[in-house]
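Asks: Quick one: the structure is below, and I'll ask about it shortly.
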Amino acid sequence: MSTEARAFGVARHENTEQAKLKCPDVCVLRYPRRKDDPEKPDITIHKKGTQELLEATQSFCNGVDPVEIRPWLEANGSDEIYLDVTALADFLYMKSDPSFNDLLIQSGEIDSLKYKFMIETEAGPVSAVQFTPKRDEEIRLYYGLQIAAKLVQLIKEKTALKASAGIGHNKLQAKLACGVHKPMALTVILPSAFEEVSKRIEIPKVPGLGGVAGKAILEQLEVVVNEGDGDGDGPTTGKRPVQYLWDLRSFTSDQIAELYTDEAKIKLVGSKNAGKIYRAVHGICESIIPKPK
């Protein structure tokens, strides 16, 4: 499903009729049928694109020398890849390599296509062209942005795919960054900006909350909000359903663990997943990209 369709509220797994109610001009493309089983879609083309994306990314990693600073990857589904570029970014930072410049970022183009290069700061999103990294962590992440730009350029050259990329201090922040300004965007979330960004991240966009757990959060949790001045005696408060990642800061891990399924009142989240969600609210992710042996 395209980013353009999502902008109209079209969601995964909706049928054509439901999609057209939200976006009358939506174009529905269907997979061809399998010859051996006409009832099932032939996803050969999709698999081919997935393999091409993986091969292009791996070739990018293999092109980095010395081996000690070579990035390594982890495929996630059919169209998403995590990349650990820490060693390469640190190497470029320590070396201050003048040959590794930010011409792609300054031009705003990749392979003659207009791209957005964005930095999420405490004051909000700014163009990378207008941002001057000063602190060590900012400089390292800016090198990460340059690395991502070169990777996206290589993917476009080898596969014709228009990739987006997110850069962050962990997998969660990088994943969320990737979706903030899509399509055709490369986005850095500075650690100091995560709180501000989390106020714009809708619950279903958070890894692990796109299914039943996220639905339970949206249906069962409410957050207290300030509704402005009442009768002149001070601000009044009300409640609204939880909508954004930031809203979950109002709840403890135990409260999140108490979420249940509508049908059987069976606990849905549990303490282990609740802890993971609670840490995500604060931008913490303990999952790492396994380093190849």
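Asks: Quick check on Leu29: is it closer than 18 Å to Pro292 by Cα, outside the structural domain of Lys156 (by TED's automatic domain parsing) and among the aliphatic types (A, V, I, L, M)?
Replies: No; evaluated as a whole, the condition is false for this residue.
Asks: It is to be established whether one or more residues within the range 261-273 are touching a helix residue (DSSP H, G or I) at 6+ places or on another chain (Cβ under 8 Å), part of a helix (DSSP H, G or I), modelled with pLDDT of 80 or more and outside the structural domain of Pro71 (by TED's automatic domain parsing).
Replies: Taking every residue of the range 261-273 in turn, at least one turns out to be touching a helix residue (DSSP H, G or I) at 6+ places or on another chain (Cβ under 8 Å), part of a helix (DSSP H, G or I), modelled with pLDDT of 80 or more and outside the structural domain of Pro71 (by TED's automatic domain parsing).
Asks: Over 16 Å from the mean Cα position of the chain (by Cα), surrounded by fewer than 15 Cβ atoms within 10 Å (Cβ to Cβ), at pLDDT 95 or above and of a type in the set (A, V, I, L, M), is that true of Val85?
Replies: Taking the combined requirement at face value, the residue does not satisfy it.
Asks: Got at least one residue in the range 224-231 being outside the structural domain of Leu104 (by TED's automatic domain parsing), under 28 Å from Ser287 (Cβ atoms) and at pLDDT 85 or above?
Replies: Within the range 224-231 (the criterion being outside the structural domain of Leu104 (by TED's automatic domain parsing), under 28 Å from Ser287 (Cβ atoms) and at pLDDT 85 or above), the answer is no, since none of the residues qualifies.
Asks: Given the condition within 18 Å of Leu73 (Cα to Cα), surrounded by fewer than 19 Cβ atoms within 10 Å (Cβ to Cβ) and of a type in the set (S, T, N, Q), answer yes or no: does some residue in the range 130-152 qualify?
Replies: no
Asks: How many residues are of a type in the set (A, V, I, L, M, F, W, C) and in contact with an Asp or Glu (Cβ under 8 Å, 6 or more places away or on another chain) if we restrict to the range 97-122?
Replies: Adding up the residues that qualify gives 0.
Asks: On to the next question. Collect the residues in the range 178-195 that are out of contact with any helix residue (DSSP H, G or I) (no Cβ under 8 Å at 6 or more places or on another chain) and in a helix (DSSP H, G or I), keeping them in residue-number order.
Replies: Within the range 178-195, Cys178, Ser192, Ala193 meet the criteria.
Asks: Based on what the data block shows, is Glu17 part of a helix (DSSP H, G or I) and surrounded by 12 or more Cβ atoms within 10 Å (Cβ to Cβ)?
Replies: In short, no.
Asks: Still on this structure, please answer the following. Provide a single number: the residues in the range 59-82 that are surrounded by 15 or more Cβ atoms within 10 Å (Cβ to Cβ) and either touching a residue at least 24 places away in the same chain (Cβ under 8 Å) or within 25 Å of Leu161 (Cα to Cα) (or both).
Replies: 10
The values are calculated or read from the model by the stated rules, or taken from the named source; none is laboratory data. None of these values were measured; they are calculated from a predicted model. Because the Cβ atoms are built from the backbone with ideal geometry, glycine has one as well, and the counts that use them run over all protein chains shown.
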